[in-house]
Amino acid sequence: MCGIVGAVAQRDVAEILIDGLHRLEYRGYDSAGVAVLSAGHEMQIVRRVGKVKALEDAIAEKPLLGGTGIAHTRWATHGEPSEANAHPHRSGNIAVVHNGIIENYEELREELQKRGYQFHSQTDTEVIAHLVAWELRTADNLLDAVQKAAVQLRGAYGTVVMNQEEPEHLIVARSGSPLVIGLGVGENFLASDPLALLSVTRRFIYLEEGDVAEITRRSVDIYDRTGQKVEREIHEGNFEQDAADKGQYRHYMQKEIFEQPVAIMNTLDGRISNGKVNIEAIGRNAAEILKKVRHIQIVACGTSYNAGMVARYWFESIAGVSCDVEIASEFRYRKFVTRPDSLLITLSQSGETADTLAALRLAKEKGYMSAMTICNVASSSLVRESDFAFMTRAGVEIGVASTKAFTTQLTCLLLLNAAIGRLQGTLSEQQELHIVQALQRLPAQIENTLVFDKTIEKLSEDFAEKSHALFLGRGEYYPIAMESALKLKEISYIHAEAYAAGELKHGPLALIDSDMPVIVVVPQNDLLEKVKSNIEEVRARGGQLYVFADNDAGFSEADGFKTVILPKVDEVTAPIFYTVPLQLLSYHIALIKGTDVDQPRNLAKAVTVE
């Protein structure tokens, strides 16, 4: 959720910290703060409510000089956005920044108050600062104090601790919330996301569960959960330097919508050869595992859950394998029966989604044949902890409302279906070729769809005064309607719901009147006539209809409702294709509503807490 940056260098680090926070602002933007140790070891702390720009302006008025510092941009979990609740938090000589949730903070707070500590915030993070300060009274050094404090914390956290009495040292601890160390020359850095450090390094060490590390200018020492010193692999980062640059686009979301043709091409690259899916590219031992699969359990959250819902139709109709899809936060807290020869598939853009990661760990105890992840971040916890990973290659996605991550997840899932179908003999060579060729045509088809941007922008004007909307779809277009409703909710704050169109008679028709916009996805397929009947049900009750259909579906403006007639595409890839114009609709409605498209209220990009 929140963003962390830290640095130990011979130069002044405030500018590096602020630049890193700007790059991480998509992870949290309620408040921000920075702490820097001066050359005289004075602790300088500045915190501001709102976005990083407010913090940057404050520091510009009174520069912070010093080579050791930590910084944080917050997404509130405990306590409202305020300067008092903003990080860093302090206890005497100790300053702390923290991502995650300390589940036992109330009992720790009560105990620390008995010991004489006063609390100045509503946060769980302040507990860490006081606890480290307490342990430091008897510890050999800050590292020892943090290790002793860490074993008392329950929950998910990534935390960085700085001590006024130990300049040029930072101690970091990871449990459930990602942290990465960036290696420089005579200086070292840390962050919750390598994106924050691209201006200073491309060499990274990813901390593992339970790790505690001591970082100085010239050294990085890492200790595992047992306190043993360990070595972690150094990764050479291959990231997009300009990922945080919007270029010609007004918003990151707009940029990422228009990047989808290239993102899908990147996802397909090397995964197809001679009209077949390259199964070796799916993951280590993938062929052996996929050949044995008799059931698939998909676990995901939010947009990724909607991708899983589309894939359920594909797995059963294309691969001939039964499939269940469940929200991760529900899956992990209910009793369930593991079916024989069952493959768990987790879907996540970040690979750090707390509930999805917990579901993976639970599934490992429940006898699943194997665990696979489809993810966008190769260094993430889901990738490291799964048996094999199929990377989406969407590139960095900064807009909180996911777009290209969704369409590349669907691309991977369709490739996976073709692979399983071939391995299990449910798909002929000709059928696999058909899927492969449809996927190869898809990037150009989406490129052609983007030319409808101005048409959809004009259509969005009808929503300027709307507070509610319904999305309808049948078959695999029902989860596309779900994803479209989610996008509209996320960025325009319009209350939107999605229904399987056949459910209209079972309650939702009561909502239809002349003020209710109803958006319907209607490709030409076997369910076309059924959907047309649902459209008539809405029209008969005065609903405002907006129909997204293809050339062969038989709609026109003469039907008395607004239509967007799209080019005909192959039925197997059409769900991916139809996602894009509906993303554009949500984007343009949000512009009209005047909301913060990239950083919608109350939301953050990577949900690393429950």
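The values are calculated or read from the model by the stated rules, or taken from the named source; none is laboratory data. It should be emphasised that the depicted structure is a prediction, and the values quoted were computed from it without experimental measurement. Please note: Cβ atoms are built from the backbone with ideal geometry, for glycine as well, and neighbour counts cover all protein chains shown.
Could you check, for region 147-163, whether at least one of its residues is free of Cβ contacts under 8 Å to residues at least 40 places away in the same chain, assigned to a helix (DSSP H, G or I) and touching a His at 6+ places or on another chain (Cβ under 7 Å)? No, region 147-163 has no match at all.
Sub-9 Å Cβ pairs linking a first residue in region 181-209 that is free of Cβ contacts under 8 Å to residues at least 60 places away in the same chain to a second residue that is of a type in the set (D, E), at least 6 apart or interchain, are T201/E187; R202/E236; R203/E236; I205/E233, ordered by first then second residue. For the residues Y249, Y305, the requirement of being assigned to a loop (DSSP other than H, G, I, E, B), among the hydroxyl-bearing types (S, T, Y) and surrounded by 14 or more Cβ atoms within 10 Å (Cβ to Cβ) singles out Y249. Filtering S381, S402 for residues that are in the same structural domain as D355 (by the TED database), buried (at least 24 other Cβ atoms within 10 Å of the Cβ), farther than 22 Å from V580 by Cα and under 14 Å from the mean Cα position of the chain (by Cα) leaves a single hit, S381. Residues of region 308-341 that are among the charged types (D, E, K, R) and either touching a Leu at 6+ places or on another chain (Cβ under 9 Å) or crowded, with 18+ Cβ neighbours inside 10 Å (or both): R312, R332. Among the residues of region 509-542, those identified as modelled with pLDDT under 85 and buried (at least 20 other Cβ atoms within 10 Å of the Cβ) are P523, V531, N534, I535, V538.
Can you say whether S533 is over 30 Å from L268 (Cα atoms), part of a loop (DSSP other than H, G, I, E, B) and over 26 Å from the mean Cα position of the chain (by Cα), as far as the supplied structure shows? For S533, the condition - over 30 Å from L268 (Cα atoms), part of a loop (DSSP other than H, G, I, E, B) and over 26 Å from the mean Cα position of the chain (by Cα) - is not met. Selection within region 85-103: residues that are among the β-branched types (V, I, T) and either more than 16 Å from T73 (Cα to Cα) or not assigned by the TED database to the domain that holds I45 (or both). The member of this set that is farthest from the chain's Cα centre (by Cα) is I94.
Would you tally the residues in region 6-47 being of a type in the set (A, V, I, L, M) and either surrounded by fewer than 18 Cβ atoms within 10 Å (Cβ to Cβ) or outside the structural domain of H98 (by the TED database) (or both)?
Step one: of region 6-47, the residues of a type in the set (A, V, I, L, M) are 7-9, 13-14, 16-18, 21, 24, 32, 34-37, 39, 43, 45-46.
Right, trim to either surrounded by fewer than 18 Cβ atoms within 10 Å (Cβ to Cβ) or outside the structural domain of H98 (by the TED database) (or both) and you get 39, 45.
So the count comes out to 2.
Restricting to region 183-240, name every residue that is surrounded by 14 or more Cβ atoms within 10 Å (Cβ to Cβ) and at positive phi. Within region 183-240, G210 is the sole residue that qualifies. Residue count for region 256-292 satisfying the condition of being part of a loop (DSSP other than H, G, I, E, B), touching a Leu at 6+ places or on another chain (Cβ under 7 Å) and either charged (D, E, K, R) or at pLDDT 95 or above (or both): 1.
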